[in-house]
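The values are calculated or read from the model by the stated rules, or taken from the named source; none is laboratory data. Owing to the predicted nature of the structure, the values given are computational and were not obtained by experimental measurement. Here the Cβ positions follow ideal geometry from the backbone for every residue, glycine too, while neighbour counts run over all protein chains shown.
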């Protein structure tokens, strides 16, 4: 009887809670494996807080670290991180569905509902086909990226290391994870040693953009190719917003850093590095120049971009490009006294605008509240540094100005929690707060208030 009640309660769990529970289980398994002596280069047990933060960062495809990835973890430990990044990036439900298809297991309505929640898809129909395309497309892009990076890394490393580095960084970039093994050159250096190698930066940029644009956009491209007018409205908005953000961010950082962090580079390298910084800032977490020495303008651009993130149904985190696009469109419509929010010949539903406002409110509230708590408990850091790190954590980006590895245990655990919330939130975190058993049909009396 008790077993039946337990099964019934588990079966009646909402999709949101199942997805959140799945990611929690993944990071707990990863934490245990990273604690093992075999995972560390020194052959000793890793502390629970450091293993938990690293496993959460990997499974939530963030990239914030408390220990250098190359110098701390053995090849086995790095392999565990790569597994967590891959599963976390694609979504564990996507991988489970794909395996079920391969072994011939029938996919029921409930499983399709979980897949819809996991991938942030628009509808249940066609989800299995979308999951197949997501897996195969991921393997294709990561495979090509790994080969290209391997061939380039042969200039810098022996064959075996170049091959492993090619695979690791291709998966990390495509999944927008931000993890790197460049501690082999200098700990915590990210890809700063490749600032003058446009090939590496361009390959990484393409992988980051492709992984962060979303599987729904992929599907439209597979069906309609370059006939953009036939794309779904979602794909049009995601593509348009992403491209606008990339070029706007690149221009702002190029101007702001022209005579500072980019000062010693030639003109072409300045353009490539500003472009790479703009692509990476929204969710990838790799940097080719020292962010801690950057200007206040670059700080601000990075914070805004990290909170925005990538597109829905992708490997990226953040509030999402479509969310910010809807808010801008709604504001523009209100300024013109328009009753409807229109774009590309289509009208946006009111529920979409409400959800965009809810997601923004939650992200903004968590960012401010967490920044205040960490600043109060870690007074040695400036508010701008803490705000940068918090935005990176909740946006699952991974860019850092050195705060994560130096905060006290409370700050470390809070950043770890933000990474988890950010990954779940990129799909359905807002629904945890808005989910209700049944809609109320009772309307309260209305009354006007003054706004603005």
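Points worth noting:
- Residue list for segment 48-59, filter: under 14 Å from residue 417 (Cβ atoms) and buried (at least 24 other Cβ atoms within 10 Å of the Cβ): 53, 55, 56, 57, 59
- For residue 139, the criteria (1) over 19 Å from residue 290 (Cα atoms); (2) touching a residue at least 24 places away in the same chain (Cβ under 8 Å); (3) under 20 Å from the mean Cα position of the chain (by Cα); (4) part of a helix (DSSP H, G or I) hold in every case but one, which is (2).
- The set of residues in segment 260-290 that are more than 15 Å from residue 197 (Cα to Cα) and either surrounded by fewer than 22 Cβ atoms within 10 Å (Cβ to Cβ) or modelled with pLDDT of 90 or more (or both) comprises 260, 261, 263, 278, 279, 280, 281, 290.
- Checking each residue in segment 262-278 for being under 27 Å from residue 362 (Cα atoms) and not in a helix (DSSP H, G or I) picks out no residue at all.
- Residue within segment 122-141 that is touching a helix residue (DSSP H, G or I) at 6+ places or on another chain (Cβ under 9 Å) and either modelled with pLDDT of 95 or more or under 30 Å from residue 40 (Cβ atoms) (or both) present: yes
- The residues of segment 18-47 that are buried (at least 17 other Cβ atoms within 10 Å of the Cβ), more than 21 Å from the chain's Cα centre (by Cα) and part of a helix (DSSP H, G or I), listed by number, are 33, 34, 35, 39.
- Scanning segment 331-363 for residues being touching a residue at least 24 places away in the same chain (Cβ under 8 Å) and either within 21 Å of residue 235 (Cα to Cα) or loosely packed, with under 14 Cβ neighbours inside 10 Å (or both) gives a total of 10.
- Residue 321 being under 20 Å from the mean Cα position of the chain (by Cα), farther than 16 Å from residue 414 by Cα and touching a residue at least 60 places away in the same chain (Cβ under 8 Å): yes
- Only one of the listed residues (144, 167) is assigned to a helix (DSSP H, G or I), surrounded by fewer than 16 Cβ atoms within 10 Å (Cβ to Cβ) and more than 17 Å from the chain's Cα centre (by Cα). That residue is 144.
- Meets criteria (touching a helix residue (DSSP H, G or I) at 6+ places or on another chain (Cβ under 6 Å), at pLDDT below 90, within 24 Å of residue 309 (Cβ to Cβ) and surrounded by 21 or more Cβ atoms within 10 Å (Cβ to Cβ)) for residue 217: yes
- The condition of being surrounded by fewer than 23 Cβ atoms within 10 Å (Cβ to Cβ) and modelled with pLDDT of 90 or more holds for only one of 407, 386, that being 407.
- Members of segment 227-244 that are under 23 Å from the mean Cα position of the chain (by Cα), without any contact (Cβ under 8 Å) to a residue 24 or more places away in the chain and surrounded by 15 or more Cβ atoms within 10 Å (Cβ to Cβ): 235
- Taken as a whole, segment 157-165 holds at least one residue that is in contact with a helix residue (DSSP H, G or I) (Cβ under 6 Å, 6 or more places away or on another chain) and within 22 Å of residue 62 (Cβ to Cβ).
- Per-region count, segment 282-304, residues in contact with a helix residue (DSSP H, G or I) (Cβ under 6 Å, 6 or more places away or on another chain) and within 19 Å of residue 89 (Cβ to Cβ): 4
- All of 316, 393 fail the test of being modelled with pLDDT of 90 or more and either out of contact with any strand residue (DSSP E or B) (no Cβ under 7 Å at 6 or more places or on another chain) or surrounded by fewer than 19 Cβ atoms within 10 Å (Cβ to Cβ) (or both), apart from 393.
- Residue 210 meets the conditions (1) within 15 Å of the chain's Cα centre (by Cα); (2) surrounded by 24 or more Cβ atoms within 10 Å (Cβ to Cβ) in every case but one. The failed one is (2).
- Any hit, segment 78-88, residues being part of a loop (DSSP other than H, G, I, E, B), surrounded by fewer than 23 Cβ atoms within 10 Å (Cβ to Cβ) and modelled with pLDDT of 90 or more: no
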